[in-house]
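Have a look at the structure below before the remarks.
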Amino acid sequence: MLRESEPRDRPEIIELFASPEVGAYIGGSRPRYQLEREVPEVPMRRPGVFVVDLDGAMIGFVQLDRRDTERPGHVRPEAGEAELGYMFLPAAWGCGYATEACAAALDWFASTRPTEPVVLCTQSANRASMRLAAKLGFTEVERFHEYGAEQWFGAWSSVTLSG
């Protein structure tokens, strides 16, 4: 189930960002003591962020945010595309939850903005994210170096999928 963040999600959000496994392809983990100070009581509550809830417990999140216009990788001249992002606790990896949650978020987005493309960027070394991008229907646009590693950049469009 996708839902808004609640205060009970705070420990899992801290665990996600403190986990070395989760941080392996996103620039590393953050110190738990720092996260304890910085993460608000209701973490990640903003439009486009969905907690992935399994049997009443948060196992990850999916978000659709605007891609920073200063970063490389865009499919529109004006930039600022919607960008799909996600993080899951390691215990939830390999179970299909990311595929299901990301597909639901993309369906929601397509119903609200049917002609707008969605982009996804991941390290090309992150094979699991590369497989997920392919399952979701993202197609490669380009590769570039950022954050000290090769990045894979792809795009998805509900217009292309339904047309």
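Does T160 fit the bill of being among the hydroxyl-bearing types (S, T, Y), modelled with pLDDT of 95 or more, part of a helix (DSSP H, G or I) and farther than 20 Å from D68 by Cα? No; evaluated as a whole, the condition is false for this residue.
Every residue in the stretch 38-70 that is among the small types (G, A, S), under 17 Å from Y97 (Cα atoms) and touching a residue at least 12 places away in the same chain (Cβ under 8 Å), please.
Kept after step one, since they are among the small types (G, A, S), are these residues of the stretch 38-70: 48, 56-57, 60.
Checking which are under 17 Å from Y97 (Cα atoms) leaves us with 56-57, 60.
Those that are among the small types (G, A, S), under 17 Å from Y97 (Cα atoms) and touching a residue at least 12 places away in the same chain (Cβ under 8 Å): A57, G60.
When the stretch 72-88 is examined, which residues are found to be in contact with a strand residue (DSSP E or B) (Cβ under 6 Å, 6 or more places away or on another chain) and acidic (D, E)? So that I can check it myself, show each step before the final result.
Step one: filter the stretch 72-88 for residues in contact with a strand residue (DSSP E or B) (Cβ under 6 Å, 6 or more places away or on another chain), giving 72-73, 75, 80-88.
Of everything in the stretch 72-88, those that are in contact with a strand residue (DSSP E or B) (Cβ under 6 Å, 6 or more places away or on another chain) and acidic (D, E) turn out to be E81, E83.
Scanning the stretch 20-75 for residues that are surrounded by fewer than 16 Cβ atoms within 10 Å (Cβ to Cβ) and among the small types (G, A, S), we see that the one that is nearest to R10 (Cα to Cα) is A57. Among the residues of the stretch 70-106, which ones are over 16 Å from Q151 (Cβ atoms), acidic (D, E) and at pLDDT 95 or above? Of everything in the stretch 70-106, just one residue is over 16 Å from Q151 (Cβ atoms), acidic (D, E) and at pLDDT 95 or above, namely E100. Against the criterion of being part of a helix (DSSP H, G or I), in contact with a helix residue (DSSP H, G or I) (Cβ under 8 Å, 6 or more places away or on another chain), at pLDDT 95 or above and hydrophobic (A, V, I, L, M, F, W, C), L120 does not qualify. E146 falls short on exactly one of the conditions (1) under 27 Å from G28 (Cβ atoms); (2) more than 16 Å from the chain's Cα centre (by Cα); (3) surrounded by 17 or more Cβ atoms within 10 Å (Cβ to Cβ), and that condition is (3). A125 fulfils the conditions (1) surrounded by 14 or more Cβ atoms within 10 Å (Cβ to Cβ); (2) touching a residue at least 60 places away in the same chain (Cβ under 8 Å); (3) not polar (S, T, N, Q) except for a single criterion, (1).
Given the structure, is A98 in contact (Cβ under 8 Å) with a residue 12 or more places away in the chain, surrounded by 16 or more Cβ atoms within 10 Å (Cβ to Cβ) and in a helix (DSSP H, G or I)? Yes.
Does F109 satisfy the criteria of being assigned to a strand (DSSP E or B) and surrounded by 14 or more Cβ atoms within 10 Å (Cβ to Cβ)? Taking the combined requirement at face value, the residue does not satisfy it.
The values are calculated or read from the model by the stated rules, or taken from the named source; none is laboratory data. On a predicted model such as this, the values are computed, not experimentally measured, just so you know. Backbone-built Cβ (ideal geometry, glycine too); neighbour counts: all protein chains shown.
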